[in-house]
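The block underneath contains the structure these notes are about, expressed in structure tokens.
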């Protein structure tokens, strides 16, 4: 129940106004967000690189309603890509289609995405299209295929969410297409008509999809995005059975979550990439992280009452 409340609050404007003015919330958000500026993000990414970790940088924001605002987003990604190249930071980038104007028009979104992908391709940088709520799943996969197949961008990947019923079939298709896929559990509030309501079923689906994807012949690449120790251990077992799969997969975790386990996997020889968001629009992302671990909420409330 608490998770559902926090996910609801992640999109509530009135709650955003309150929480973003709490000093304790801003300080807690810094655990999960690598600063509000590009300079802070690059510095944090290089710190992780020095620990042997790769990074995926995400300029936070979603559901943009004004076309001019999307131009600012594209410009920021242009600066981000240039800084990654200039500083030789070992990083890819991630983005959300609603941040590029999908809620305004698909044409605007595609135009903006092509500009970013063109810049990224010139610098040999991967761009992952993040998955949002189930209302965007079909459009996201369609736009991914438009970029990959029609415009021939080979530096583009996408995300699948294990809590959706449809994901197993989507994963089979993408695996045969040789796609670069990040598989995560999913962090949005979804109805039981489209998503597994029980964690155990989500976990089981994740492992099934992961196993089938890795065993699909070809060049498809899987990013195993989970902090769940049981899933990580099952992934390690799969990779141990066939060491060639290590070149077609990597572990991914969130910035500020299970840092010691990230280091352990990297030292064991696995590619490990840390999803590192930055920017001023941190509230929805922060609330989804609280929903994943409600204990963090009680910590924030205790600090608020103490102050």
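Can you compute the FRET efficiency between residue 204 and residue 146 using 1/(1 + (r/R0)^6), with r the Cβ-Cβ distance and R0 = 30 Å? Round to the nearest 0.05. Please report the intermediate quantities before stating the final value.
Working: r = 32 Å, r/R0 = 1.08.
Efficiency, from the Cβ-Cβ distance: 0.40.
Taking the beta-carbon count within 10 Å as an exposure proxy, list 210, 76 from fewest neighbours to most. Before the final figure, lay out the partial values.
On the way: 210 21, 76 17.
Neighbour counts put them in this order, fewest first: 76, 210.
Scattering from the C-alpha atoms of the stretch 70-133 alone, worked out with Debye: what is log10 I(q)/I(0) at q = 0.20 1/Å?
These q points yield log10 I(q)/I(0) values of -0.73.
Compute the Rg/Rh shape ratio of the stretch 85-193: radius of gyration over Kirkwood radius, all on alpha-carbon atoms. Mind dumping the intermediate values first?
Details: Rg = 14.0 Å, Rh = 14.5 Å.
On the Cα set of the stretch 85-193, Rg over Rh gives 0.97.
Sort 227, 180 by Cβ crowding within 10 Å, fewest neighbours at the top.
On the way: 227 17, 180 22.
In order of increasing Cβ crowding within 10 Å: 227, 180.
Cut-off is 10 Å between beta-carbons; in what order do 215, 99 appear when sorted fewest neighbours first?
Working: 215 12, 99 27.
Sorted ascending by nearby Cβ count, the order is 215, 99.
Report the full-extension gain for the segment residue 211 to residue 243: residue separation times 0.36 nm, less the Cα-Cα distance, to one decimal in nm. Write out the running numbers ahead of the final one.
Values: separation 32, 0.36 × 32 = 11.52 nm, distance 1.41 nm.
Using 0.36 nm per residue and subtracting the Cα-Cα distance, I get 10.1 nm.
Past the 23 angstrom mark, what percentage of all C-alpha to C-alpha distances in the stretch 34-281 do you count?
Numbers: 15023 of 30628 pairs.
Of the Cα pairs, 49 percent sit more than 23 Å apart.
Convex hull volume of the Cα atoms in the stretch 33-80, per residue, in Å³?
Values: hull volume 3.7 nm³, N = 48.
Here the figure is 76 Å³ per residue.
Bear in mind that the values in this text are calculations on the coordinates, not laboratory data. No experiment lies behind these values; they were computed from the predicted model shown. Backbone-built Cβ (ideal geometry, glycine too); neighbour counts: all protein chains shown.
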